[in-house]
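Input: a single structure, listed below in structure tokens.
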Amino acid sequence: GMTEARRSLCCQIISAQVFSKEDTKSTKERTFVHGTTMTLYEEVRAALRESEFRPKKSLGQNFLIHENVIESILRLLDLDRNDGVVEIGPGLGFLTRRLLQLAGQVWAVEVDEALVERLRQSRWAAEPRLHLIHGDILAVPLTQMLPSTKLKLAGNLPYSISTPVLFRIFDWRAHFSS
């Protein structure tokens, strides 16, 4: 059977992945980027036009384009400046920049070299509270890279790796508060 700790962790992660249709339909929210106002969808389109980057199907890459989904994740995390957060797969950094507004420290683990380079060139890359880790969340030695304090966990996981990631997170459960 499933232990109580494992059940609790799975419920927290599953609740972070499930959103109402209303949450995922709206792309009307606008953000201010490069001197102009655009939706997250428009930001993704612009990012793809500006670079040679193309999402890799083999990595199951998908990008958050709904501000309501990001808000739901942030609500579930209930962050303050004392919190540290590990973000799995920051991608284009839409959730990352919001995490930096609310949390004390953010460790963002990204496997795709092109996305890591893009994040290194972003306007928040110089932020000392952002720790960008280029590596596969299933393989990086997080215990060597993270502080000993309890951290929170966030991410927009590709469905194709969600099960192995959940088991890896379960192995690290002592490091996470939520």
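So the values come out like this:
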{"quantity": "Per-region count, the stretch 149-159, residues over 12 Å from Val86 (Cβ atoms) and either at pLDDT 90 or above or open to solvent by less than 40 Å² (accessible area, probe 1.4 Å) (or both)", "calculated": "2"}
{"quantity": "Count of residues meeting criterion [β-branched (Val, Ile, Thr) and either farther than 17 Å from Leu153 by Cα or surrounded by fewer than 19 Cβ atoms within 10 Å (Cβ to Cβ) (or both)] in the stretch 102-120", "calculated": "1"}
{"quantity": "The one condition in (1) touching a helix residue (DSSP H, G or I) at 6+ places or on another chain (Cβ under 9 Å); (2) touching a residue at least 60 places away in the same chain (Cβ under 8 Å) that Leu119 fails to fulfil", "calculated": "(2)"}
{"quantity": "Tally of residues being farther than 14 Å from Val109 by Cβ, modelled with pLDDT of 90 or more and surrounded by 12 or more Cβ atoms within 10 Å (Cβ to Cβ) across the stretch 121-148", "calculated": "2"}
{"quantity": "Filter result for the condition that a residue is buried (at least 21 other Cβ atoms within 10 Å of the Cβ) and not in a helix (DSSP H, G or I), over Leu99, Leu92", "calculated": "Leu92"}
{"quantity": "Selection count where residues are open to solvent by less than 40 Å² (accessible area, probe 1.4 Å) and not β-branched (Val, Ile, Thr), scope the stretch 160-178", "calculated": "4"}
{"quantity": "Condition broken by Phe170, with the remaining ones in (1) over 23 Å from Glu67 (Cα atoms); (2) out of contact with any helix residue (DSSP H, G or I) (no Cβ under 9 Å at 6 or more places or on another chain); (3) in a helix (DSSP H, G or I) satisfied", "calculated": "(2)"}
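The values are calculated or read from the model by the stated rules, or taken from the named source; none is laboratory data. Since we're looking at a predicted model, the values are computed, not measured. Note: ideal-geometry Cβ built from the backbone for every residue, glycine included; neighbour counts use all protein chains shown. Calculation scope for accessible area: heavy atoms of the full protein, side chains included, ligands and nucleic acids excluded. Shrake-Rupley method; radii C 1.70, N 1.55, O 1.52, S 1.80 Å.
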